[in-house]
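Heads up, the thing below is written out as structure tokens.
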């Protein structure tokens, strides 16, 4: 018996549409990254979605947005709620292929995905906003400027860019697997310096668990930098 063939009625009439939707469309599926997160540390999925919600609020109303390092693209729909179009890129072909299939099943328009290495090349189109969560710490320091230059070259002049990354002051609490991949951690000072090199204005936020705030940077587990108004640079 399939989900679609099941006919059930809820005791509370207001709940019926949710049951009907579930049995007509089936359950929402997570990708490889978020599935592991849910099984290994469910709370962390809440932290991840809170970061996407922050991006959605800051980028609200933007026409064409780029996500660098979208992973399995589970969180991209949160940002899509507030923007017209969004394109996600990542290095992992297997993960992106899985994400494309899931997004197609959900019939979510305005979202496209492609394999791309931002340290190797710029995009062949312009965006009026970009965000990148949990990516910069994985990029070797020697490739950092190339990453930022290619990112900047993909943006229009009056753009907004968000970088989110674990705080180096919290590295002692990282898991062994996270510590192995985090080869370029930032402090509030170094993240601000990096963003200020490419944008006229930089706003820096602290984050602990799912809470974004303006508190003492060294005690934040996560940092979010918002760059505004792209500087003109020679690539």
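Observations on the structure shown:
- Against the criterion of being more than 29 Å from residue 37 (Cα to Cα) and in contact (Cβ under 8 Å) with a residue 24 or more places away in the chain, residue 187 does not qualify.
- Top-ranked residue of segment 173-182 - restricted to ones that are modelled with pLDDT of 80 or more and more than 16 Å from residue 223 (Cα to Cα), ranked as surrounded by the most Cβ atoms within 10 Å (Cβ to Cβ): 181
- Residues satisfying the stated conditions in segment 199-208, i.e. surrounded by fewer than 19 Cβ atoms within 10 Å (Cβ to Cβ) and touching a residue at least 24 places away in the same chain (Cβ under 8 Å): 200, 201, 203
- Elements of type helices (runs of 4 or more DSSP H) contained in segment 141-202, each with 3 or more residues being within 20 Å of residue 227 (Cα to Cα): 141-153, 188-196
- Among (1) surrounded by fewer than 19 Cβ atoms within 10 Å (Cβ to Cβ); (2) under 27 Å from residue 37 (Cβ atoms) - the single one residue 193 does not satisfy: (2)
- Residues (over 16 Å from the mean Cα position of the chain (by Cα), in contact (Cβ under 8 Å) with a residue 24 or more places away in the chain and in a loop (DSSP other than H, G, I, E, B)) located in segment 209-231: 220, 221, 231
- Flag for residue 217 being buried (at least 16 other Cβ atoms within 10 Å of the Cβ), closer than 30 Å to residue 63 by Cα and in contact with a strand residue (DSSP E or B) (Cβ under 8 Å, 6 or more places away or on another chain): no
- Complete set of residues in segment 79-93 that are within 15 Å of residue 134 (Cβ to Cβ) and touching a helix residue (DSSP H, G or I) at 6+ places or on another chain (Cβ under 6 Å): 79, 88, 90
The values are calculated or read from the model by the stated rules, or taken from the named source; none is laboratory data. Just so you know, these numbers come straight off a predicted model, no measurement behind them. Cβ sites come from the backbone with ideal geometry, for glycine too, and all protein chains shown count toward neighbours.
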